[in-house]
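Read the structure below first, then the notes.
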Protein chains: 4
Amino acid sequence: MARVKDDQKIELIYQATMGLVMKHGFTALKMADVAAEAGLATGTVYIYFKDKETLINQLYNYIREKSTGLYAEGIDEEDSFRKSLRRLWKQFFNFSLEHSAEAAFLEQYQRSPYLTGKSKKENNLLMQPFLELLSRGQQEKRLVKLEKEVILSLMIGPVHEMIRSQTNGSLKITPTVIDSTFELIWESVKR
Amino acid sequence: MARVKDDQKIELIYQATMGLVMKHGFTALKMADVAAEAGLATGTVYIYFKDKETLINQLYNYIREKSTGLYAEGIDEEDSFRKSLRRLWKQFFNFSLEHSAEAAFLEQYQRSPYLTGKSKKENNLLMQPFLELLSRGQQEKRLVKLEKEVILSLMIGPVHEMIRSQTNGSLKITPTVIDSTFELIWESVKR
Amino acid sequence: MARVKDDQKIELIYQATMGLVMKHGFTALKMADVAAEAGLATGTVYIYFKDKETLINQLYNYIREKSTGLYAEGIDEEDSFRKSLRRLWKQFFNFSLEHSAEAAFLEQYQRSPYLTGKSKKENNLLMQPFLELLSRGQQEKRLVKLEKEVILSLMIGPVHEMIRSQTNGSLKITPTVIDSTFELIWESVKR
Amino acid sequence: MARVKDDQKIELIYQATMGLVMKHGFTALKMADVAAEAGLATGTVYIYFKDKETLINQLYNYIREKSTGLYAEGIDEEDSFRKSLRRLWKQFFNFSLEHSAEAAFLEQYQRSPYLTGKSKKENNLLMQPFLELLSRGQQEKRLVKLEKEVILSLMIGPVHEMIRSQTNGSLKITPTVIDSTFELIWESVKR
DNA sequence: CATGAATGAGTTTTCATTCAT
DNA sequence: TATGAATGAAAACTCATTCAT
């Protein structure tokens, strides 16, 4: 059979896995359910992934790579620092919002027994575009003097929290809300 | 009389469970391990908790109640809004830091199959002290005009994120860092 | 403590055991339930009986001995064979009826893993008074020529069956019914 | 296609269960033993039956339905009442004899915690062919005037009792014995 | 490759029995 | 003796993985 078909199936399995992790968490993740959700037989999943651990780890890599590339797209070196930061942050927010299944998976993965020392380091790469931009901001003295990790937390933390609130049902995120939020964050991190 | 069924043992089981969840996550939680960690026989756990689900749900309630009470202690109505907010926020931060096992458990619980509609609502109570103080701030016009949920995210989000960074090893949280962080947050939420 | 008290407790445990076996059968018989039903602590049962098997076997012996003696009481050698048989059979019926818990226990015991070769033989003793009377009947040529075991079945079988029907709710046993039933049975076994 | 989930396996499990219940009783029935006896892995049984309770209840229904159909086969309305009754009774006897495993199971089931109100009623259906024939007998005035339940007990009770005796080893049932027994029973129930 | 029934090791849960009080 | 909490071996049940079709 054609190669294309295989890739489609891998994607199918990834989507099924993420969806289930978002809905019921890692704890309840069963291989049989993944297969069913993907519209495949249990055994088929094992053709594409050696075992559960491999599936999860490969999915993790897949999401990480895809995410990093996507949300950091189109950042223009020519733009002012503020403008660049605004753009990157909003892209991150929107990306997180649209890809909540991926986000949920990443979050769960952190506290899972699947997280190895290796993937711990790789995780930081996800924030790489942010960290680089923050470096530029500090060089241009447009950013408050403080550890970059703290500044990153000030920017990223609220995003995660707001998405959680929306999932809870206690907050409705609109473009306006996103814009205002950035302005507030900017107040705290600008120099 | 026979050995007395004691609350101390319940506490023991709770601690063992939280410790294990923090270390290896929800996924790997085994009743036999809980018992061993608590220094008890497997069967003993079942004297105090009907089954695994009950243990987890009761532990969740226990942590929630205990946490809410603790971090919100000693808030003085006489203090200025800024001072009160600073105090509550720092207490929340320190509490989260000191009770990372509890925090880890709560976080894991959110995405677990154990979360019911009922516990979803109860969860909001945890943030109640914060929400009340924010109301006061908005009445006194000391707080930016924005949905309280957003403001809460701006305050709480960075705390969660920083603690995660410290767990990762990419950040070392010191009292100074905490203080500076609050000042930055205050810049964004004050009016 | 006094000796009397002990015997009372043994009796208490026996009654509790029989009641539970009647209600839910052997399968569901738990030592903790026996104790609770008897109003005792679990451990107390083990003071009087070495283990579950011992309790069941001793109870079996207790019932067997008590029953045999009781239902066969007052049989008068001077009475005619028919009169004697009638009396013995009715006593057996009434005894079975009044002591349905005992009867249920005996019945269950037969099919249980507690039944040993030894108790298998002892079981026949229960029917001894009947078998003796049947011997007399055959000597007096008042009884049909057929294996005594078959005749016994013709007499005893309906009793068990009727009691089961009454337990089911599909039959109401009255003294009149008992009398008529004997007359019918007599028709079949007389010579 | 994968191995097909087959009804034959269900039959296999049923046979294994009945055999074990007959040999060692309900009490000692273990799922692992059922599987082993059926030549399957433990887990396989759970593919066909949700849990132990379900297995037992479905087996009960299976036996009941099968039994009713089988022993009542070939009854001819044209035959005289006596002939019909003789035939039905003998078929019942032989069936009970040949299917002692089934019979043992049914008997055990009655006093088990698995018996529900629903199955209690269904149980009566087993005797339905008998009850109908008895009705005919009473209409034709060939049967003694007495509650049908009593007459049923006079006919069925001895069968159960004799089989029990044979199992005990105290009676050897032969075709001659069966024939003579019916004649005696007929003496008591005819009008 | 695809399927999904079968497997059996691994977990959860029960319950006879012990033992500290 | 009496108590009933504690124990842990044994039974019920689950689910990742295999394999016959």
Which of C:I156, C:N124, C:L146 sits farthest toward the positive end of the charge dipole of the range C:102-170, with +1 on the Cβ of Lys and Arg and -1 on the Cβ of Asp and Glu?
-> C:L146
Among the listed pairs A:K141/B:K145; C:K145/D:K141; A:K118/D:K50; B:K52/D:K23; C:K9/C:K118; A:K30/B:K90, give every one whose C-alpha distance is greater than 32 Å.
-> A:K118/D:K50; B:K52/D:K23; A:K30/B:K90
Please give every one of the aspartates and glutamates within straight-line cross-link reach of A:K148, meaning a C-alpha to C-alpha distance under 12 Å, and leave out same-chain neighbours fewer than 8 residues apart.
-> A:E132
Binned at 10 Å from zero, the C-alpha pair distances of chain A give percents of 8, 32, 31, 19, 8, 1
The range B:121-191 versus the range B:37-64: alpha-carbon centroid distance in Å = 33 Å
Hey, got the average number of other protein chain Cβ atoms within 10 angstrom for residues in A:180-188?
-> 6
Using a 7 Å Cα-to-Cβ projection, C:E78 label spacings across copies, nm, ascending = 6.2, 10.8, 13.4
Label 7 Å beyond Cα on the Cβ vector: D:T42 copy-to-copy distances, nm | 1.0, 1.6, 2.3
Listed residues B:A36, B:N57, B:A101: farthest to the positive end of the dipole of chain B (Cβ charges) | B:N57
At 10 °C and 1.306 mPa s, grab the translational diffusion coefficient of the range A:1-100 from Stokes-Einstein with a Kirkwood Rh over Cα pairs, rounded to a whole number in µm² per second.
-> 103 µm²/s
Nearest beta-carbon of B to the rotation axis carrying it onto D: which residue, how many whole Å?
-> B:D51, 8
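Which whole number gives the average count of other chain Cβ atoms within 10 Å of the Cβ atoms across peptide D:105-111?
Numbers: counts 1, 0, 5, 7, 2, 7, 15.
Mean number of neighbouring Cβ atoms from other chains: 5.
Expressed as a rounded percentage, what relative contact order does chain A have, with Cα pairs under 8 Å and six or more residues apart?
On the way: 122 pairs, mean separation 39.0, N = 191.
Dividing the mean separation by the residue count of chain A yields 20 percent.
With charges set only on the Cβ (+1 for Lys and Arg, -1 for Asp and Glu), what does the dipole of the protein assembly as shown come to about its Cα centre, in debye to the nearest 20? Mind dumping the intermediate values first?
Numbers: 108 positive and 100 negative charges, 17 e Å.
Dipole of the protein assembly as shown, to the nearest 20 debye: 80 debye.
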Farthest towards the positive end of the dipole of chain B, among B:L184, B:S67, B:Y14 and with Cβ unit charges of +1 on Lys and Arg and -1 on Asp and Glu, lies the Cα of B:L184
Which distances, shortest first and in nm, link B:L131 to the matching position in the other copies, using label points set 7 Å out along Cα to C-beta?
-> 3.7, 6.1, 8.1
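About the Cα centre of the range A:69-191, what is the dipole size in debye to 20, counting +1 per Lys and Arg Cβ and -1 per Asp and Glu Cβ, all else neutral?
Values: 18 positive and 17 negative charges, 79 e Å.
Roughly 380 debye for the range A:69-191.
What's the average, rounded to a whole number, of partner chain beta-carbon atoms within 10 Å of each residue's beta-carbon in D:22-29? Write out the running numbers ahead of the final one.
Numbers: counts 1, 2, 3, 11, 8, 10, 5, 1.
That average works out to 5.
Just so you know, all these numbers are worked out from the coordinates, no wet-lab data involved. What you are looking at is a predicted structure, and each value in this text was computed from that prediction instead of being measured. Please note: Cβ atoms are built from the backbone with ideal geometry, for glycine as well, and neighbour counts cover all protein chains shown.
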